[in-house]
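To start, the structure itself, in structure tokens.
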Amino acid sequence: MHAVAAARQHGAETMFTLSGGHVFPLYDGAVKADPPMRIIDVRHEQTAVFAAEATARLTRMPGLAVLTAGPGVTNGISAITTAHFNGSPVVVLAGRAPDYRWGSGSLQELDHPALLRPITKRAWTEHQTAGVGRAVSEAFRLAAARHRGPVFLDISLEALFGTAEPGPAQQAAAGTQAAAGGAGRSEGDGGGGAGQAAIGPIAALLAQARRPVLVLGSDVWLDGADEAARGAAEELMLPVIANGQGRGILPAGHELLVTRARSAALGEADLVIVAGTPLDFRLGYGEYGGKNGTPRARVVHVADAPGQVATHCELAASASGDLTAFFTGLADAAAGTPAAARPWAADWLPGLQDACRNAVRADSALLSSDAEPVHPMRVYGELAPLLDSDAVVIGDGGDFVSYAGKYVEPQRPGGWLDPGPYGCLGTGLGYAIAARIARPAAQVVLLLGDGAAGFSLMDADTLVRHKLPVVIVCGNNGIWGLEKYPMQALYGYDVAAELQPGCRYDEVVTALGGAGELVTTPGGIAPALRRAFASGVPYLVNVITDPKIAYPRSTTGV
Ligand SMILES: Cc1ncc(C[n+]2csc(CCOP(=O)(O)OP(=O)(O)O)c2C)c(N)n1
């Protein structure tokens, strides 16, 4: 009861879970709360945690997953790790075998925190009933504080099944509630404009730059700095590349958005400012410039917390802390100079805009390809025009989803969910469940590789039971495409890369109580998508795509 009250005080509205006796009191607390807390029970614990994670990433309020002891916890570990890599504020509450029998081998007796420590901000056990409310409150505070991430708390059986008077944590209630539009403004998290002192040197680097680029990543959105970032980009007329949940901060078609010219932009820049995302494999490890005879670029890394600033590469400057304060500070530092007087406005920016237009032109033939079997790009040629500006698009898969990253350009931030740098397959159904709940009126589209489908498609049952209509588009090439072609390139042959050709994943969803259909021709895609959006039920459009097509990949992740 106190655990549920504490979770609610911190903004959690839904408990994602899969049943287990060790956590019954948490269900009882949710049912008897006033009003009751919504319980979404799923078919695999990873789905529960992925759903909690997507809730956090879409609403910018902490997500809550409740896992039963032992296998419930270990089944959640890949999803908790994903939240760790994505900096998603997630609280995982778990059951735990009783203290009074510890060491004598009671059912599912496992010391979870030892396993969870490397992938959480904190993992610990509460042993006292009276301490449960306070511990849950602390877990939420910590998860939502910069740099955000998952927090794990297990509660021993007798502590959870005991009864306690309300503690100070419950009575203090609303005061600690995380703020919408930037969960994590809580005390002790380095908020309040850290980074201000660093703005001067960064503004000075910008004043010397001729070919700058600004990269916006997921933490810009999670930190509630999306509007400030857009304002600064526009004030400074900076070419922008969007990454992860930074996509949509500049809407598709914005004159400064040059993601499609990314290779030229990062390859020929003289200054790259990367904000709100690690300088990892997705961003060339922070090494830019050097293309077409240009010198190496200077690199500035801006993060929401000091511990996130890259240490593996040479930085010309860095800043950390409140990202809104950073962007408004940077725009202020440049105020007064007319935007058109930026030296890059004459040449660099128009050149990148041209490169974007050329890239779009070069793709148009494949986006409307009449080839049979269907070219995967044709799916996106058909899907993109049907998407509303507030659609939530989720990608779970290999090559099929890589195309989506290129050809589905969000109109708003918070409308795109990929697995992030951990690259874990199986996020799909959990993310879709959360998206439907977080955005009840918006289109929710899950793009699913046929390989990826195997990890979570059973949770279409959860969509059905909880009446959560979602459109699932399966790019069904009958192979693990993203692994088959790299193995062929390395070894000249491939193994363990085949799936069933033409498998009826649509019938799986139909059997579970939803609906779906098979599409084998390019002309069949749009009508099927329209039927799916109109159906009002979980609906899988199973598009058989050409297995001979490999995504033209330029990074290996190594
Ligand atoms: C949990 C997990 N297991 C394995 C992998 C390795 N992996 C990355 S992409 C991929 C293939 C995905 O195949 P599919 O979803 O069918 O998409 P396709 O590449 O065929 O379009 C695999 C197996 C992973 N990223 N995550």
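The values are calculated or read from the model by the stated rules, or taken from the named source; none is laboratory data. Quick caveat, the model's predicted, so the values are computed rather than measured. Note: ideal-geometry Cβ built from the backbone for every residue, glycine included; neighbour counts use all protein chains shown. Heavy atoms of the whole protein, side chains included, go into the accessibility calculation; ligands, DNA and RNA do not. Shrake-Rupley method; radii C 1.70, N 1.55, O 1.52, S 1.80 Å.
Residue-wise test of (1) small (Gly, Ala, Ser); (2) surrounded by 22 or more Cβ atoms within 10 Å (Cβ to Cβ); (3) over 19 Å from the mean Cα position of the chain (by Cα).
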| residue | (1), (2), (3) |
| --- | --- |
| LEU222 | no, yes, no |
| ARG230 | no, no, yes |
| PRO251 | no, no, no |
| VAL272 | no, yes, yes |
| GLY289 | yes, no, yes |
| HIS301 | no, yes, yes |
| PRO306 | no, no, yes |
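Return a yes/no flag: does the stretch 299-322 have any residue that is touching a His at 6+ places or on another chain (Cβ under 7 Å), β-branched (Val, Ile, Thr) and modelled with pLDDT of 95 or more.
Yes.
Given the conditions (1) within 16 Å of the ligand (Cβ to nearest atom); (2) without any contact (Cβ under 8 Å) to a residue 40 or more places away in the chain; (3) not acidic (Asp, Glu), which single one is not true for PRO419?
(2)
Specify the residue that is farthest from the ligand (Cβ to nearest atom); the eligible residues are those in the stretch 438-456 that are within 18 Å of ARG43 (Cα to Cα) and open to solvent by 10 Å² or more (accessible area, probe 1.4 Å).
Residue satisfying both the conditions and the ranking: GLY454.
With the requirement that a residue be over 18 Å from GLU255 (Cα atoms), open to solvent by 20 Å² or more (accessible area, probe 1.4 Å) and not in a helix (DSSP H, G or I), what does the stretch 327-374 give you?
Passing the criteria: ALA335, GLY336, THR337, SER368, ASP370, ALA371, GLU372, PRO373.
Could you check the stretch 123-137 and list, in sequence order, the residues that are out of contact with any helix residue (DSSP H, G or I) (no Cβ under 6 Å at 6 or more places or on another chain) and under 17 Å from LEU64 (Cβ atoms)?
Matches in the stretch 123-137: ALA135 only.
Look through ALA496, ALA534 and report the one residue that is out of contact with any Lys or Arg (no Cβ under 8 Å at 6 or more places or on another chain), small (Gly, Ala, Ser) and closer than 19 Å to ASP546 by Cα. Give the steps one after another, and end with the answer.
On the way: ALA534 fails: closer than 19 Å to ASP546 by Cα.
Sole residue among the options that is out of contact with any Lys or Arg (no Cβ under 8 Å at 6 or more places or on another chain), small (Gly, Ala, Ser) and closer than 19 Å to ASP546 by Cα: ALA496.
Looking at the stretch 122-141, I want the residues that are at pLDDT 95 or above and have a partner that is open to solvent by 60 Å² or more (accessible area, probe 1.4 Å) with Cβ atoms under 6 Å, at least 6 apart or on another chain. Which pairs are those?
Cβ pairs passing all conditions: ALA123/ARG117.
Please pick out the residue among VAL23, VAL42 that is more than 28 Å from VAL444 (Cα to Cα) and in contact with a Ser or Thr (Cβ under 6 Å, 6 or more places away or on another chain).
Values: VAL42 fails: more than 28 Å from VAL444 (Cα to Cα).
It is VAL23.
Just to be sure I understand, how many residues within the stretch 67-102 are among the polar types (S, T, N, Q), surrounded by 24 or more Cβ atoms within 10 Å (Cβ to Cβ) and within 16 Å of the ligand (Cβ to nearest atom)? Steps first, answer last, please.
Taking the stretch 67-102 and keeping what is among the polar types (S, T, N, Q), we get 68, 74-75, 78, 81-82, 86, 88.
Checking which are surrounded by 24 or more Cβ atoms within 10 Å (Cβ to Cβ) leaves us with 82, 86, 88.
Right, trim to within 16 Å of the ligand (Cβ to nearest atom) and you get 82, 86.
Number of matching residues: 2.
Regarding the stretch 151-161, can at least one residue be identified that is open to solvent by 20 Å² or more (accessible area, probe 1.4 Å) and under 28 Å from ALA310 (Cα atoms)? Steps first, answer last, please.
In the first step, residues of the stretch 151-161 are kept if they are open to solvent by 20 Å² or more (accessible area, probe 1.4 Å); the result is 157-158, 161.
Cutting the leftovers down to under 28 Å from ALA310 (Cα atoms) gives us none.
Scanning the stretch 151-161 turns up no residue that is open to solvent by 20 Å² or more (accessible area, probe 1.4 Å) and under 28 Å from ALA310 (Cα atoms).
State whether the residues of the stretch 462-475 include one that is among the hydrophobic types (A, V, I, L, M, F, W, C), touching a Gly at 6+ places or on another chain (Cβ under 7 Å), open to solvent by less than 30 Å² (accessible area, probe 1.4 Å) and more than 16 Å from the ligand (Cβ to nearest atom). Working first, answer last.
Of the stretch 462-475, the ones among the hydrophobic types (A, V, I, L, M, F, W, C) are 463-464, 468, 470-474.
With the extra rule that they be touching a Gly at 6+ places or on another chain (Cβ under 7 Å), the set shrinks to 463-464.
Now restrict to residues that are open to solvent by less than 30 Å² (accessible area, probe 1.4 Å): 463.
When the remaining residues are screened for being more than 16 Å from the ligand (Cβ to nearest atom), the result is 463.
Scanning the stretch 462-475, I find at least one residue that is among the hydrophobic types (A, V, I, L, M, F, W, C), touching a Gly at 6+ places or on another chain (Cβ under 7 Å), open to solvent by less than 30 Å² (accessible area, probe 1.4 Å) and more than 16 Å from the ligand (Cβ to nearest atom), so the answer is yes.
Does VAL379 satisfy the criteria of being farther than 28 Å from ALA225 by Cβ, more than 23 Å from the chain's Cα centre (by Cα), in contact (Cβ under 8 Å) with a residue 60 or more places away in the chain and not in a loop (DSSP other than H, G, I, E, B)? Outline the logic, then answer.
Working: farther than 28 Å from ALA225 by Cβ: yes; more than 23 Å from the chain's Cα centre (by Cα): no; in contact (Cβ under 8 Å) with a residue 60 or more places away in the chain: yes; not in a loop (DSSP other than H, G, I, E, B): yes.
It is false that VAL379 is farther than 28 Å from ALA225 by Cβ, more than 23 Å from the chain's Cα centre (by Cα), in contact (Cβ under 8 Å) with a residue 60 or more places away in the chain and not in a loop (DSSP other than H, G, I, E, B).
Would you confirm, using the coordinates I've provided, whether ALA435 is away from the ligand (no atom under 13 Å from the Cβ) and modelled with pLDDT of 95 or more?
Working: away from the ligand (no atom under 13 Å from the Cβ): yes; modelled with pLDDT of 95 or more: yes.
Considered against the rule, which asks whether it is away from the ligand (no atom under 13 Å from the Cβ) and modelled with pLDDT of 95 or more, ALA435 comes out as yes.
Output the residues belonging to the stretch 496-516 that are open to solvent by 30 Å² or more (accessible area, probe 1.4 Å) and of a type in the set (D, E, K, R).
Within the stretch 496-516, GLU498, ARG504, GLU507 meet the criteria.
Would it be correct to say that LEU64 is open to solvent by less than 10 Å² (accessible area, probe 1.4 Å), modelled with pLDDT of 95 or more and in contact with a helix residue (DSSP H, G or I) (Cβ under 8 Å, 6 or more places away or on another chain)?
On the way: open to solvent by less than 10 Å² (accessible area, probe 1.4 Å): yes; modelled with pLDDT of 95 or more: yes; in contact with a helix residue (DSSP H, G or I) (Cβ under 8 Å, 6 or more places away or on another chain): yes.
So LEU64 fits the description; yes.
Test GLY103 against the stated conditions and say whether it is at positive phi and touching a helix residue (DSSP H, G or I) at 6+ places or on another chain (Cβ under 7 Å). First the steps, then the outcome.
Working: at positive phi: yes; touching a helix residue (DSSP H, G or I) at 6+ places or on another chain (Cβ under 7 Å): no.
The answer is no for GLY103.
Determine whether CYS503 is within 11 Å of the ligand (Cβ to nearest atom), part of a strand (DSSP E or B) and touching a residue at least 12 places away in the same chain (Cβ under 8 Å).
Details: within 11 Å of the ligand (Cβ to nearest atom): yes; part of a strand (DSSP E or B): no; touching a residue at least 12 places away in the same chain (Cβ under 8 Å): yes.
Considered against the rule, which asks whether it is within 11 Å of the ligand (Cβ to nearest atom), part of a strand (DSSP E or B) and touching a residue at least 12 places away in the same chain (Cβ under 8 Å), CYS503 comes out as no.
Mind checking which residues of the stretch 422-432 are within 11 Å of the ligand (Cβ to nearest atom) and either out of contact with any Ser or Thr (no Cβ under 6 Å at 6 or more places or on another chain) or assigned to a helix (DSSP H, G or I) (or both)? Write out each step before concluding.
Here is the first cut: in the stretch 422-432, the residues within 11 Å of the ligand (Cβ to nearest atom) are 422-428.
Of everything in the stretch 422-432, those that are within 11 Å of the ligand (Cβ to nearest atom) and either out of contact with any Ser or Thr (no Cβ under 6 Å at 6 or more places or on another chain) or assigned to a helix (DSSP H, G or I) (or both) turn out to be GLY423, LEU425, THR427, GLY428.
Condition (residue is in a strand (DSSP E or B), crowded, with 17+ Cβ neighbours inside 10 Å and out of contact with any Gly (no Cβ under 9 Å at 6 or more places or on another chain)) applied to the stretch 529-540: is it met by at least one residue? Give the derivation first.
From the stretch 529-540, those in a strand (DSSP E or B) are 539-540; that's our starting set.
Now restrict to residues that are crowded, with 17+ Cβ neighbours inside 10 Å: 539-540.
Within this subset, residues satisfying the condition of being out of contact with any Gly (no Cβ under 9 Å at 6 or more places or on another chain) are none.
So far as the stretch 529-540 goes, no, none of its residues is in a strand (DSSP E or B), crowded, with 17+ Cβ neighbours inside 10 Å and out of contact with any Gly (no Cβ under 9 Å at 6 or more places or on another chain).
May I ask you to list the residues in the stretch 433-444 that are in a loop (DSSP other than H, G, I, E, B) and under 10 Å from VAL470 (Cβ atoms)?
In the first step, residues of the stretch 433-444 are kept if they are in a loop (DSSP other than H, G, I, E, B); the result is 439-443.
Of everything in the stretch 433-444, just one residue is in a loop (DSSP other than H, G, I, E, B) and under 10 Å from VAL470 (Cβ atoms), namely GLN443.
Could you list, in sequence order, all residues of the stretch 1-59 that are over 21 Å from GLY428 (Cα atoms), among the hydrophobic types (A, V, I, L, M, F, W, C) and open to solvent by 40 Å² or more (accessible area, probe 1.4 Å)?
Within the stretch 1-59, MET1, PHE24, VAL31 qualify.
Can you name every residue in the stretch 103-134 that is closer than 23 Å to GLU13 by Cα and crowded, with 22+ Cβ neighbours inside 10 Å?
THR120, ALA123, GLU126, VAL132, GLY133
In the stretch 380-402, which residue that is touching a Phe, Trp or Tyr at 6+ places or on another chain (Cβ under 6 Å) and open to solvent by 10 Å² or more (accessible area, probe 1.4 Å) is farthest from the ligand (Cβ to nearest atom)? If you could, list the steps in order and put the result at the bottom.
First, pick out the residues of the stretch 380-402 that are touching a Phe, Trp or Tyr at 6+ places or on another chain (Cβ under 6 Å): 380, 393-394, 399, 402.
Restricting the remaining residues to those that are open to solvent by 10 Å² or more (accessible area, probe 1.4 Å) gives 399, 402.
On the way: ASP399: 4, SER402: 8 Å.
So the residue we want is SER402.
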